[in-house]
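Participant: Have a look at the structure that comes next, please.
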Amino acid sequence: MSQTEIPPAASKASRDTWTEVSPQALYDKLFSLSRNLWWSWHPEVVSLFRDLDPVRWRQLDHNPVTLLAEMTPDQVSQRASEMVLYTRINQAHRRLKEYLNETQSTWGAREAGVLGSMPVAYFSAEFGIHESVPIYSGGLGVLSGDHIKSASGLGIPLVAIGLFYDQGYFKQQLDSEGWQSEEYIDTKVENLAIEPARDKHGKPITVTVETLDGPLLAKVWLMRVGRVPLYLLDCDVDGNRPEDRELTSRLYGGDVRTRIRQELVLGVGGVKALRALDIYPGVYHLNEGHSAFAPLEVIRERMEDNGISFDDALRDVAQHTVFTTHTPVPAGHDRFDGKLIEEHLGPLRQKLGISYEQLMGLGRVEPQAEHELFCMTVIGLKLSRRANAVSSLHGYVSRRMWSNLWPWRVEEEIPIGHITNGVHVPSWLAHPMQMLYDRYLGPEWQRQMGDSKTWQKVYDIDTGELWETHNVLKSRLLEFVRRRVSRQCRRRNEDEASVEAARTVLDPSALTIGFARRFATYKRADLFLKNIDQFAELIEDVNHPIQFIFAGKAHPADEPGKKLIQGIANLRHDSRLGSKIVFIEDYDINVGRHLIQGVDVWLNNPRRPLEASGTSGQKVVLNGGLNFSILDGWWAEAFNGRNGFAIGRGMQHVDTALGDERDADDLMRVLREEVIPLFYDRDVDGLPKLWIARMQNSIATLAARFSAHRMVMDYVKHAYLIAAGGLSSEMNMS
Ligand SMILES: *Cc1c(COP(=O)(O)O)cnc(C)c1O
């Protein structure tokens, strides 16, 4: 809350000083705040919208555009005067304006000025910016969202390119058997802060991508994310065939043909959109293989503009291209057969003057291997001079995985480095924690989020105060859980007793463990059930109670994943465990935010080394929760023995069943011998001193290193500047 706020008692008198503000002017200020997603990572602006109508705010999925559309300027003005919002609205509006104008004093202006006239073009198939904008499904999208928010904060010249999905990913519901069902809901464009992107003559932009089967059209939307423009391509336009109008309506929906057509629009259409916008990027950053057709269109442009050969253009374009790979799981790498490739890239291939075999060779590890499918990761690696994985361990795994692309090199010299993922601190930090940091880390701490020194002052925070703040967040989480679980019961028409039980489910003083992620089998959500009797014993210990909150979606086609969900959701019928384990439906950014801000412990137990990085645990760190995780992904480089808990010793197992058994045993052992005792070891004031010390260790050692500010600065230093400058050294980040 701002210091200049007028106390409610004085509101009547002070209202008069604002009579010169017309309702329309006030409304306009709120409206312009709602048109830039900047509001979403400023809690003081979020609370402005919430205060206009807290109930509708929640019902409308925290969407300020629809909220304002429901209100007249007079209603807004009335409400603003009741709630004394004038000063806050004016301040927020001024801050946004200052933010947009402040471009000279940023880190980016100092360190990445050369990118100014030739920005980074950041391509991603999904962007997770806020729960009200349905163009993401999970980790990859949230990472892209955090990347562009930090790029905005640091003042990096960067534009982003994605697809506009009006239905997005699905809404998840579980039926009374615990089985997942998927529902797709249309989002109307007028309910989002997007507008048609325009060319220099002010004309809305539509791009055309040729295929052998006819042209594919896409219009281009603009969404403002702080200082970063995000351009979204949308195939729902006149001129497309009915089935093509739906091409971009769902994220990861449809078959393999839908997928290649979406990726064609994203990559080739995306480059054409940049050209129509008069944007000439100095760097093309392909975030995952989905957009890896993009460099082919850039090569075509270079050949046409400069009259150079395909080979020369390829060398030049690769120099300016950065590719990030995100998973070692084979199914996570798109592969297409030659027929689909020719249908969709045939026209471009002809313009490039290359043969079908040459084109296919770009997507194959063995260019001549006729039966080898065309892989988007392979072409991404071949058309970029700098490539990276997303954690140190993932770098190692990726170099091994793709070593056949460079058969003449030893493994350490495979040119895939790593830049470990991080999270956008202001988006994930709870407001009460932010206020605590404001007091202890100094007023300027948010400007130095990526600097480890900033976070050393966490040790100065009064332990009682830190614990109390954490408990405020935990009780908020439990309120949220109870509301959601009782709503789930009501929807399934369960009896009044169940609904009533849901209203008081979980114990605010019990050790609360959260687990939320995609329900892919390698993430082993049911690992704790492998020793169910030992587990039941722990959970029934009335002196040291523990409880679990689960959430997560399975891909609609993933039956084993759905079975995992069912197994866990149905534990609510188990007489021993039922009241201690809840499943929250429809994991999204909103559910995620509540969970990572309020849990004591965040559990993650994937099969090493399949978790490339993971970021949810990094969000937990910021809010004082402790990670309890397999030494995989980011945690393998983060854990130091005193800043959380580890499962296993960082070993891989050839025999997965044996590995699962060992990890399950170790999970139970660490929980019983370390996590629970430390949490319940209280001093005379009732404070878990050693636990709180671990919270401080966690924040002090991890918050800066695993922030998206640090991540984006690394991309600038180790990839963007080199790619833009055309220097020829290879990425050496490992
Ligand atoms: C942060 C986040 C993720 C990614 O977290 P993982 O640790 O990779 O699972 C996925 N979904 C949502 C909604 C998130 O907020």
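Participant: If a residue must be outside any helix (DSSP H, G or I) and hydrophobic (A, V, I, L, M, F, W, C), how many such residues does the range 97-130 contain?
Facilitator: Within the range 97-130, residues that are outside any helix (DSSP H, G or I) and hydrophobic (A, V, I, L, M, F, W, C) number 8.
Participant: Restricted to the range 216-274, and to residues that are aromatic (F, W, Y) and either in contact with a Leu (Cβ under 6 Å, 6 or more places away or on another chain) or part of a strand (DSSP E or B) (or both), which residue is nearest to I299 (Cα to Cα)?
Facilitator: Across the range 216-274, the extreme among qualifying residues is Y231.
Participant: Quick check: is even one residue across the range 503-514 within 16 Å of the ligand (Cβ to nearest atom), assigned by TED's automatic domain parsing to the domain that holds I568 and crowded, with 21+ Cβ neighbours inside 10 Å?
Facilitator: So far as the range 503-514 goes, yes, one or more of its residues are within 16 Å of the ligand (Cβ to nearest atom), assigned by TED's automatic domain parsing to the domain that holds I568 and crowded, with 21+ Cβ neighbours inside 10 Å.
Participant: Say we look at the range 438-484 and pick out the residues that are closer than 17 Å to I699 by Cα and in contact with a strand residue (DSSP E or B) (Cβ under 6 Å, 6 or more places away or on another chain); which of these is least open to solvent (accessible area, probe 1.4 Å)?
Facilitator: Filtering first and then ranking leaves M449.
For (1) open to solvent by less than 10 Å² (accessible area, probe 1.4 Å); (2) away from the ligand (no atom under 16 Å from the Cβ); (3) not in a loop (DSSP other than H, G, I, E, B), each residue gets a yes or a no:
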site	(1), (2), (3)
Y587	no, no, no
P609	no, no, no
S629	yes, no, yes
P677	no, yes, yes
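Participant: Could you check, for the range 396-410, whether at least one of its residues is over 20 Å from the mean Cα position of the chain (by Cα), among the basic types (K, R) and in a helix (DSSP H, G or I)?
Facilitator: Within the range 396-410, one or more residues are over 20 Å from the mean Cα position of the chain (by Cα), among the basic types (K, R) and in a helix (DSSP H, G or I).
Participant: Please state which of the following conditions R492 fails to meet, knowing it meets all the rest: (1) surrounded by 20 or more Cβ atoms within 10 Å (Cβ to Cβ); (2) away from the ligand (no atom under 16 Å from the Cβ).
Facilitator: Going through (1) surrounded by 20 or more Cβ atoms within 10 Å (Cβ to Cβ); (2) away from the ligand (no atom under 16 Å from the Cβ) one by one, R492 breaks only (1).
Participant: Report, ordered by the first and then the second residue, all pairs with beta carbons closer than 8 Å, sequence separation of six or more or different chains, a first member in the range 507-524 that is within 16 Å of K562 (Cβ to Cβ), and a second member that is away from the ligand (no atom under 16 Å from the Cβ).
Facilitator: Taking only residues 6 or more apart or on different chains, the pairs are F519/K562; T521/P560; R524/D660; R524/D663.
Participant: Same structure again: How many residues does the range 114-163 contain that are within 16 Å of the ligand (Cβ to nearest atom) and not aromatic (F, W, Y)?
Facilitator: 25
Participant: Among residues belonging to the range 363-380 that are surrounded by 23 or more Cβ atoms within 10 Å (Cβ to Cβ) and out of contact with any Cys (no Cβ under 9 Å at 6 or more places or on another chain), point out the one that is farthest from G617 (Cα to Cα).
Facilitator: Filtering the range 363-380 for residues that are surrounded by 23 or more Cβ atoms within 10 Å (Cβ to Cβ) and out of contact with any Cys (no Cβ under 9 Å at 6 or more places or on another chain), the one farthest from G617 (Cα to Cα) comes out as I379.
Participant: Check whether at least one residue in the range 244-257 is closer than 13 Å to A125 by Cβ, open to solvent by 60 Å² or more (accessible area, probe 1.4 Å) and touching a residue at least 40 places away in the same chain (Cβ under 8 Å), and report yes or no.
Facilitator: Yes; the residues of the range 244-257 include at least one that is closer than 13 Å to A125 by Cβ, open to solvent by 60 Å² or more (accessible area, probe 1.4 Å) and touching a residue at least 40 places away in the same chain (Cβ under 8 Å).
Participant: Here's something else I'd like to know. Would you confirm whether any residue within the range 186-208 is within 30 Å of Q566 (Cα to Cα) and either touching a Ser or Thr at 6+ places or on another chain (Cβ under 8 Å) or not in a helix (DSSP H, G or I) (or both)?
Facilitator: Looking through the range 186-208, at least one residue is within 30 Å of Q566 (Cα to Cα) and either touching a Ser or Thr at 6+ places or on another chain (Cβ under 8 Å) or not in a helix (DSSP H, G or I) (or both).
Participant: When you scan the range 131-159, how many residues do you find that are in a helix (DSSP H, G or I) and among the hydrophobic types (A, V, I, L, M, F, W, C)?
Facilitator: Selection size over the range 131-159: 6.
The values are calculated or read from the model by the stated rules, or taken from the named source; none is laboratory data. Remember, predicted model here, so these are calculated numbers, not experimental data. Positions of Cβ are backbone-derived with ideal geometry, glycine not excepted, and every protein chain shown enters the neighbour counts. The accessibility values were calculated without ligands, DNA or RNA, using every heavy atom of the protein model including side chains. Shrake-Rupley method; radii C 1.70, N 1.55, O 1.52, S 1.80 Å.
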